[in-house]
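The values are calculated or read from the model by the stated rules, or taken from the named source; none is laboratory data. Remember, predicted model here, so these are calculated numbers, not experimental data. Cβ: placed from backbone, ideal geometry, glycine included. Neighbour counts: every protein chain shown. Accessible surface is based on the protein model in full, side chains and every heavy atom, while ligands, DNA and RNA are left aside. Shrake-Rupley method; radii C 1.70, N 1.55, O 1.52, S 1.80 Å.
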Amino acid sequence: MRDTSIEAYLSVQPTLPLLDSIVFRQIAAAGQDGITCDGVENVLDKRHQSVSSAVNRLMKKELIKDSGKRRVTRSGRKAIVWVVNDEAQMAA
């Protein structure tokens, strides 16, 4: 593959994997109230492993953060309520 072809390929790649983008949008849509991983799973009808992995990647990229709040999930356990990081919100 030529250098120009590689550059063209890289230029059209999305910044985030598709599922990460979908999960990010769902967390952003929750606003200041935030949403748990379980809440995202329920809304998107996705498996825990998939959503949890996306949340972890978004957290590592500092696009989302722990709000400090906890909410009871469908299983009755308390979980982190995620919100969009202020800096990421401004860039979105």
Q) When the stretch 19-36 is examined, which residues are found to be touching a strand residue (DSSP E or B) at 6+ places or on another chain (Cβ under 7 Å), assigned to a helix (DSSP H, G or I) and open to solvent by less than 20 Å² (accessible area, probe 1.4 Å)? A) I27
Q: Please tell me if G68 is open to solvent by less than 80 Å² (accessible area, probe 1.4 Å), of a type outside the set (K, R) and outside any helix (DSSP H, G or I).
A: yes
